[in-house]
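A short worksheet on the structure shown next.
Laboratory data are not the source of any read-out in this text; all were calculated from the coordinates shown. Remember, predicted model here, so these are calculated numbers, not experimental data. Positions of Cβ are generated from backbone atoms using ideal geometry, with glycine treated the same way; all protein chains shown enter the neighbour counts.
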Protein chains: 2
Amino acid sequence: MFSDEYFMRLALKEAQNAYEQDEVPVGAIVVHSNRIIAKSHNLTETLNDVTAHAEMQAITSSANFLGGKYLTGCIMYITLEPCVMCAGALAWSQISKVVIGARDPQRGFINKKLTLHPKTEIISGVLENECSQLIKDFFKTKRP
Amino acid sequence: MFSDEYFMRLALKEAQNAYEQDEVPVGAIVVHSNRIIAKSHNLTETLNDVTAHAEMQAITSSANFLGGKYLTGCIMYITLEPCVMCAGALAWSQISKVVIGARDPQRGFINKKLTLHPKTEIISGVLENECSQLIKDFFKTKRP
């Protein structure tokens, strides 16, 4: 039951919440010992803050929950490949695993040749089509 | 009077405040129309949050002050070259100018071949020795 697809579907639900609030639909879930310790979605428009990406909020919430700044033992499920800012934050966090839905060739960290922490496992392509379709649908309404 | 050195000295004062709180001594000041709209220093230990770098707080505060998420017309003075996370955030912010004190060859964004927004002017080396010395002094107490 607690598969990568299971948790990515919850992250996708967060992304859908963002969509309904007219935010770029990206969602994140953080799991520790099979327990969800943070869920978030992009809030840059609502908060008027370019730093309010789903991942940034999820990192801050998780650290707050755990009582320490390092996310060792945590897995983040994120519907879109993290940008440079979020990749930098994930690297500082020393998170154990990052599971990505859709790739972001233009804005994502992978094509920028950035790496996360050496101990961080990265998996990509979980529910890729659904995660990607949601973003495409959103921008179709914005740039018709 | 309102020279780059003038504002960098204020950023350095923020960094000294960080030092006194046992935080890695990095400080930032944001200026808009010759007026300081944000000042901050690193708070990662105090807040238990790897995202609480001086730049991240200064971006959020400035956007809050201006009532919009873009920092067009703003200058950030920062005592240490921004890391990948902060460079990514500064890029999203479309800030007009970034003035750096000391370089950070290992953790800074420049050697990682990252760029900020195309419209962002970058100046480096303002009060470089003082900014750099503060960091060196701090780590000397940590790793004797």
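Here are a few things to note about the model shown:
- A straight Cα-to-Cα reach below 16 Å connects A:K142 with the aspartates and glutamates A:E20, A:D22, A:E23, A:E45, residues fewer than 8 places away in its own chain not being considered.
- Cross-link partners of B:K113 among lysines, defined as those whose alpha carbon lies under 16 angstrom from its own and excluding same-chain residues fewer than eight positions apart: A:K112, A:K113.
- Taking the centroid of alpha carbons for each part, region B:4-50 and region A:33-49 are 27 Å apart.
- If you run the Gaussian network model on chain A, springs between alpha carbon atoms under 10 Å, then out of A:A11, A:A91, A:A28 the most flexible one is A:A91.
- For region B:47-56, putting each phi into the Karplus relation 6.51 cos²θ - 1.76 cosθ + 1.60 with θ = phi - 60° gives couplings of 8, 6, 8, 5, 8, 7, 5, 3, 5, 5 Hz, in residue order, rounded to whole numbers and with x for Gly and Pro.
- Share, in percent, of DSSP beta bridges within region B:63-144 that are antiparallel, nearest 5: 10 percent
- Amide hydrogen neighbours beyond the local backbone of B:C74, cut-off 5 Å, H modeled: B:S96, B:K97
- Within the straight-line cut-off of under 22 Å between alpha carbons, the lysines reachable from A:K140 are A:K13, sequence neighbours fewer than 8 places apart in one chain being disregarded.
- Partner chain coverage, peptide A:88-95 - average Cβ within 10 angstrom: 6
- Diffusion coefficient (Stokes-Einstein, Kirkwood radius over C-alpha pairs, 37 °C, 0.692 mPa s) for the protein assembly as shown: 170 µm²/s, rounded to a whole number.
- Alpha-carbon centroids, region B:80-110 and region A:96-140: separation in whole Å: 23 Å
- Taken over the C-alpha atoms, region B:4-135 has Rg and Dmax values of 13.1, 36 angstrom.
- Percent antiparallel among DSSP beta bridges (both partners in chain B, rounded to 5): 55 percent
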